[in-house]
Amino acid sequence: METRAKLPSKVLSIFLSVVMAFSCVYAALPVFVPEAFAQGETGAEAADWNALASALRTAESAGYMSTNDWSSVTSSGGNVTVTDGTRNGYAYNVVRALAGVLEAEGTGKHNLELRTYIREKLADEAGYDLNGYQQTFLAALLPADGDYGTYNPANLWNGSASDAAAFGAKTMTVTATRSEEAAVLADVENLSSIPETLETGITVTITAEPVLTESDNGSETGMYYANSAIAAEKETPEMDAGLKAHLTALKAYIDYVGTAAFTAGFEEYYSYGTNGSIDALIARTDEELQTLVAEYLTSGLYDDVVTSDPTVDMSYIEEFLGRENLEKQHAYVVAAGDALT
């Protein structure tokens, strides 16, 4: 029968002492960032980086963020606010695209590191280099000085694990807003379906926790804040009643001029040239045209589209119909109406 040698009691005692001593040393070690948010639980897809690069490129091409126009960014009491007054929501689109990247890869980093990371990843993943003004805009969104100096390891302060626990987590937010007009032009592809709500805001909440770090010689410990959780939430209020009424009127107009009867008559009329005669058209489609023209002239379709608020509504006409088309279509129906009476 095989026999097993027993471990001498003295050796066992020494072994247990070593284990207990190691446990005490481990408990006294500095608290580092948990692996889950040190690395980020998920990574941003190439599409996320391309979306951010596209938003930045579009803004730059339009002349936005190509000058020092990031002053729409304000900061107060832990809240960064971006008020986008542009018709196309350039800054808003950048913040919205940035939110996706931050949620996927923004944790485990302090804000100063995060800026560099984003800049390098945009270059590597999407082939896009931030210009100086865009870098300033990014720095305004992810501050690492002033009230947020503790997000920057260059501003370490002496501390211990108990100090870190006492300071606890801190939270900052980045909120971007845009107008209803910008939301319509960006998110409504056509008027086949008019949405009940519009996305007019997005808030990115960044939670950061103190992280301990030792100096090179291990003589002192410092603390800084690293982002531990990032979440974005969109604001989607109900569409303004007046705006919805206008879009509904524009949809009715587009549906009307899109009918086969209108399109055939319109194209034939303008085939004669801008001063073409409508007589031949009337002779061929008299009854049908009379019905079509009467419907148009009595329904108020045109007036509903152009008279409610031209300073804003023209944006929608240009987007979904085209001003030139509107004017030519209206001229056609008026000419037909005159010829038929």
Any chance you could count how many residues in the range 65-74 are modelled with pLDDT of 85 or more and out of contact with any Leu (no Cβ under 8 Å at 6 or more places or on another chain)?
-> 1
Give the residue that is nearest to Y225 (Cα to Cα), with candidates limited to residues of the range 105-141 that are assigned to a helix (DSSP H, G or I) and among the polar types (S, T, N, Q).
-> N111
Looking at G78, is it on the phi > 0 side of the Ramachandran plot, in contact with a strand residue (DSSP E or B) (Cβ under 7 Å, 6 or more places away or on another chain) and surrounded by fewer than 19 Cβ atoms within 10 Å (Cβ to Cβ)?
-> yes
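The values are calculated or read from the model by the stated rules, or taken from the named source; none is laboratory data. All values reported here derive from a predicted model rather than from experimental measurement. A quick note on method: Cβ atoms are made from the backbone with ideal geometry, for glycine too, and the neighbour counts reach across all protein chains shown.
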